[in-house]
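One structure is given here, and the rest of the page talks about it.
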Amino acid sequence: MTEPRAPEKAIVFQGEAELADAIARARAGDAEAWGDLYRRYAPAIFRFCRRALPTHEDAEDATVEIFMKLREKLAQYDPERPFSIWLYKVVANHCWDMLRRRHTRQDLETDGVEDLPLESSDPGQLSRLIEEQSADGLRAALAQLPARARMVLTLRYYADFNYDEIAETLRLRRDAVGVTLLRARQQLRRILTQPATPHPTTGDRS
């Protein structure tokens, strides 16, 4: 299975009216319109899954499964709502369900949050650390986080979910979202500030 790639000639919908027309035609069974939606959104969905899930293979599988699910769910889409917000909710729910099925220790991941400070002594530090990372480096750091921490950061900063949407997706109380985000940011900051582990040299036999 190959990673979804942007097509040679990317599909760009010229405004909401053209997107709405493509969605309506796809809902009516138009294969060409469905292909346009796939080419437009598959790369972004894969990138979301790659941040939210542990491995590249997981992200590939999830992207395919999500588009199979979207074929069934597209009839439920309310055209009065922004399509991208609805789409990311479907994607986020699928990724979170995958993680839940693997029995991640989500019930323990908010323990002790009341002991954390309300804000970092340097609120801009994490942003600077992230900017200094390559895409691969940031993915590797995210992969070291517990599942809920990784997902809450992906929802908030990649999909731009608000607290209510995060709470609904992760089955959290709304008042727990803030402390969950706080802990996730602090966990990511600790990972990014860890000194690199030196690789042993093969020539040193002492």
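One table, with the values for the structure above:
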quantity: Residue match in segment 15-33 (condition: under 24 Å from TYR157 (Cα atoms), assigned to a helix (DSSP H, G or I) and not acidic (Asp, Glu)); calculated: no
quantity: Matching option when the condition is surrounded by fewer than 17 Cβ atoms within 10 Å (Cβ to Cβ), under 22 Å from the mean Cα position of the chain (by Cα), at pLDDT 90 or above and charged (D, E, K, R), among GLU32, GLU57; calculated: GLU57
quantity: Residue within segment 149-162 that is surrounded by fewer than 18 Cβ atoms within 10 Å (Cβ to Cβ) and more than 21 Å from ARG50 (Cβ to Cβ) present; calculated: yes
quantity: The lone exception for VAL64 - which of (1) among the aliphatic types (A, V, I, L, M); (2) surrounded by fewer than 21 Cβ atoms within 10 Å (Cβ to Cβ); (3) in contact (Cβ under 8 Å) with a residue 24 or more places away in the chain; (4) under 25 Å from GLN144 (Cβ atoms) it fails; calculated: (4)
quantity: Test result for THR63, touching a helix residue (DSSP H, G or I) at 6+ places or on another chain (Cβ under 8 Å), at pLDDT 85 or above and closer than 23 Å to LEU170 by Cβ; calculated: yes
quantity: Filtered residues of segment 143-167 (kept if farther than 19 Å from PHE46 by Cβ and in contact (Cβ under 8 Å) with a residue 12 or more places away in the chain); calculated: GLN144, LEU145, PRO146, ARG148, ALA149, VAL152, ARG156, TYR163, GLU165, ILE166
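Yes/no matrix, rows are residues, columns are (1) at pLDDT below 85; (2) under 29 Å from PHE83 (Cα atoms); (3) hydroxyl-bearing (Ser, Thr, Tyr):
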{"position": "ILE130", "(1), (2), (3)": "yes, yes, no"}
{"position": "ARG150", "(1), (2), (3)": "no, yes, no"}
{"position": "LEU155", "(1), (2), (3)": "no, yes, no"}
{"position": "ALA159", "(1), (2), (3)": "no, yes, no"}
{"position": "TYR163", "(1), (2), (3)": "no, yes, yes"}
{"position": "GLN186", "(1), (2), (3)": "no, no, no"}
{"position": "ILE191", "(1), (2), (3)": "no, no, no"}
{"position": "GLY203", "(1), (2), (3)": "yes, no, no"}
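The values are calculated or read from the model by the stated rules, or taken from the named source; none is laboratory data. Not measured: the values here are computed from a predicted model. Cβ atoms come from the backbone with ideal geometry, glycine included; neighbour counts cover every protein chain shown.
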